[in-house]
1. Considering only DSSP beta bridges whose two residues both sit in the chain, what percent are antiparallel, to the nearest 5?
2. Which cysteines in the chain lack any other cysteine whose Cβ sits under 4.7 Å from their own Cβ?
3. In percent, how large is the relative contact order of segment 426-505, given Cα pairs closer than 8 Å and 6 or more residues apart?
4. Per-residue HN-Hα couplings for segment 337-351, Karplus 6.51 cos²θ - 1.76 cosθ + 1.60 at θ = phi - 60°, whole Hz, x for Gly and Pro?
5. Is the shape of segment 348-443 rounded, prolate or oblate, going by the alpha carbon gyration tensor and its root eigenvalues a ≥ b ≥ c, with a/c under 1.5 for rounded and a/b larger than b/c for prolate?
6. So for segment 126-237, what percent of the C-alpha to C-alpha distances run longer than 26 Å?
7. At 0.692 mPa s and 37 °C, plugging the Kirkwood radius over alpha-carbon pairs of segment 3-186 into Stokes-Einstein gives what diffusion coefficient in µm²/s?
8. Convex hull over the Cα atoms of segment 362-507, averaged projected area in nm²?
Amino acid sequence: MNALRMSHRGEDETHAIHGTVSDWKYNIIFHRLALNGMTPESSQPLFYPARMDVAPTIYLQCNGEIYNHRELAEKYEIVCDSDSDCEIIMHLYRKIGFCKTLKELRGVFAITLIDLEHQRVCIGRDPYGVRGLELYWRDGMIAASSELKALIDLEDGLDVFKPIHEFPAGKYCEINLQCPELKFKEYFSHEPVSISSEPEVLLMDKCSVLFQKAVSMRLMCDRKTKDGKVSIGAFLSGGFDSSVVAALAIRDLVDMRTFSIGFKGSPDLIAARKVAKHIGSDHYECIVTPAEMLSIIPAVVKQLETYDTTTIRAGAFMYRLSQYVYDEHPDIAVLLSGEGADEASGSYKYMEYAPNDKAFHIECHRLLQELMWYDARRGDRCTAGHNREIRVPFLDRDFLETYLSVPPCLKRQKGIEKYFLREMVARMKMENGKSLLPTEIIWRRKEAMSDGVSVQDDSWFGIIQKYTRSHDPDSELSDLQLEKDWYMSLYLSYYAGCKHIIPRYWVPKWIDTEDPSARLLPSYDTKKM
């Protein structure tokens, strides 16, 4: 296991612990980006008891944030030894067990806990896979890592299949080292929730309160910028999702930096400027060229650990923007983002073709369940790849529990996707009484990230396909297939034997298309860009 290949995820500290329990050797390595608990006692791996004169019986490492750690400490009368938000996990485990602990947590996490006393290893992942977690299991060896690249060399010479798997979101395993067996158990259900019969206004009030709380919770950060402010910024595309997150965050923080990216003259850059001016953020733009973006695709594939078409198209811009923040704004460590809103809202363009409300409702849940292979993977790998942390309020567990119960007919009204959320935000105000966002932003049509950063006459997917075609002009393959083949060849050059980790390409349902770009759908209207 080559954990140094993940040092980009946490450049503040690296700590390693090695030991033996029974006949098992264990190695724990943690690269830390310090955000909460800035003292040495908060460094990971954490251990219990936290005393130098007693050998630890529990080791914990958690890549994540536990937003309700103080509430849990009060509820279970727990006194923590550090300011780490993750320490609560060890104490809850001792009191109520691993499964109940995971059910209590509100946040995002990839957890590995080693219980030396009971010779047990516990591993768990947050409900929607916001934090990366890969698992290796073979012949008496267990290895868990936030990224695939740390595990790839555990199997030399196996180019067909390597025993590495995506750890399923919302599940956990408890491995008895005396009789090791890998069995995933569910602590969080992805089954479709019941559709609510409550009045629209009541549902909207509930969702409004829960979402504003979700944003506020994600402003938890002890790290400071060079001028003494909280080390939090926000991605701002100018689309509805990122805009409402940024607006609510700045309402609490008062001052915040926002960041956008695109080709010169792209719709996202123009819209983001309007939002930044309205909410009063300190706004920065990363203007890129097609040649620059094409040149980084090999690095994007390697960092995102995927060959999926739409993930790479969008990921290239998030990767570059994260790199920009790392280089030009190194004191900003946390980046707020709008991932999850489209899945929960059914706002992808192809959802217009859903045959009925039930199919629409089920599809929203499926999209959320599969986020760990697509947008959640993109967000985690792009930001962590540049020593930054992404936070995604739309994937708040309590908010989604209510929002997913909203009837599909309320989510898409008058031909407008995300109608329910847009109407909800239209009622919100800034502290000075003005609207939370400009009206044209609240009702701006959804534009996929890889489409909004480019212009209609020279779309990003078209640029990529012209590039791949230029390298094989006589090929009888389609432009899309040439693009996919490029990604696959790059992926397998880095991760031979790991094709199975991404189970399928992200493609729209209910229509006859293999390309994920909404611009190619029959109902796409270029006049509304």
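What follows draws every value from the coordinates through simple rules; no lab data is involved. Being a predicted model, the structure only gives us computed values, none of them experimental. FYI the Cβ positions are ideal-geometry reconstructions off the backbone, even for glycines, and counts take in every protein chain you see.
1. Working: 46 of 62 bridges.
Antiparallel: roughly 75 percent of the beta bridges in the chain.
2. Among the cysteines of the chain, those whose Cβ sits 4.7 Å or more from every other are Cys80, Cys99, Cys122, Cys173, Cys179, Cys207, Cys221, Cys286, Cys364, Cys382, Cys409, Cys498.
3. On the way: 33 pairs, mean separation 10.8, N = 80.
Computed value for segment 426-505: 14 percent relative contact order.
4. Values, residue by residue: 8, x, 4, x, 5, 5, 5, 5, 9, x, 9, 5, 4, 5, 5 Hz.
5. Details: a/c = 1.95, a/b = 1.05, b/c = 1.86.
It is oblate, given that a/c is not under 1.5 and a/b is not larger than b/c.
6. Numbers: 3135 of 6216 pairs.
Above the 26 Å cut-off, segment 126-237 has 50 percent of its Cα pairs.
7. Values: Rh = 16.9 Å.
Reported coefficient: 195 µm²/s.
8. Values: hull surface 52.8 nm².
If I average the Cα hull's projected area over directions, I get 13.2 nm².
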